[in-house]
Amino acid sequence: MTKKRGFEIVKKYEGQGINLPVRQTKNAAGYDIESAQDFVVPSIWKFGVLNVLKFILNKGKMDDSKLAEIQKSIKPVLVPTGIKAYMQDDEVLIIASRSSNPLKRGLSIPNGIGVVDADYYNNDSNEGELFVQLINFFPMDYKVKKGERLAQGIFIKYLTTDDDEGGLKKRLGGFGSSGI
């Protein structure tokens with residue numbers, strides 16, 4: 001039987017108690033995706049927001065090193081999951097936030113959703129490991145525990161245009177690589 005879609009554990013996490021995503025109820029669309037390890041999602045307020053306010057008050061006048069420090073302090077983190085997803089060529093895995101994340105944890109996926117293409121699976125740079133991109137807008141750091149459900153994965157078929165050429169290049173890397 002040919003495999004159609006599903007999840008596998010990434011080699012570097014084998015034997016480390018990683019759970020494959022499951023749907024929690026019969027009619028749930030999403031497969032709950034867990035953190036592969038304990039992880040801290042720093043608060044954006046911790047270092048950066050006061051500096052951002054200074055930047056705004058100075059009308060954008062700030063030296064490059066200070067600006068780089070501000071950007072680093074408020075940028076999202078990538079929480080490892082220890083899993084990868086395989087699917088058909090005309091499918092995509094959408095990684096969406098759990099509805100409780102903003103309300104209970106102060107966590108948000110900053111780009112709204114994550115889009116995982118079929119050719120991300122087993123890529124050369126990271127074996128296709130899924131990461132959950134998060135930002136913490138609560139005033140305290142959030143400590144993610146290994147096995148904590150952070151996102152949900154939803155497999156979806158997608159359509160292409162009549163004049164689609166099937167992609168113009170081959171994926172060369174892992175996370176965020178198709179736009180390079």
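Brief remarks on what is shown
- Where (1) 12.4; (2) 11.7; (3) 14.0 are the candidate values, the label of the one calculated here for mean projected area of the Cα convex hull in nm² is (3).
- Annotation for the stretch 126-164 versus the stretch 67-84: alpha-carbon center distance of 13 Å.
- MRE, 222 nm, helices only [DSSP H, n ≥ 4, -39500 (n - 2.57), over the chain, to nearest 500]: -4000 deg cm²/dmol
- The slack between ASN111 and TYR158, meaning 0.36 nm per residue of separation minus the straight C-alpha distance, is 15.0 nm.
- Exposure proxy order (Cβ contacts within 10 Å, fewest to most) of ASP117, ASP89: ASP89, ASP117
- With Cα atoms, 0 to 90° folded angle of helix 44-57 axis to the chain main axis: 60 degrees
- In plain terms, the chain from ASP64 to ARG5 could stretch by 16.7 nm, reckoned as 0.36 nm per residue minus the Cα-Cα distance.
- Spatially proximal aspartates and glutamates relative to LYS72 (Cα-Cα < 16 Å; intrachain offsets below 8 disregarded): ASP63, ASP64, ASP141
- For PHE137, PHE39, order by how many other beta-carbon atoms lie within 10 Å, fewest first: PHE137, PHE39
- Burial ordering of MET140, MET87, fewest other beta-carbon atoms within 10 Å first: MET140, MET87
- Comparing mean-square fluctuations of GLN152, GLN133, GLN16 from a GNM of the chain with C-alpha springs under 10 Å, the top value falls on GLN16.
- Computed from Cα positions, the angle between helix 64-73 and the longest principal axis of the chain comes to roughly 50 degrees.
Each reported figure results from applying straightforward, stated rules to the coordinates on display, with no laboratory input. Computed from a predicted model, the values in this text were never measured in an experiment. A quick note on method: Cβ atoms are made from the backbone with ideal geometry, for glycine too, and the neighbour counts reach across all protein chains shown.
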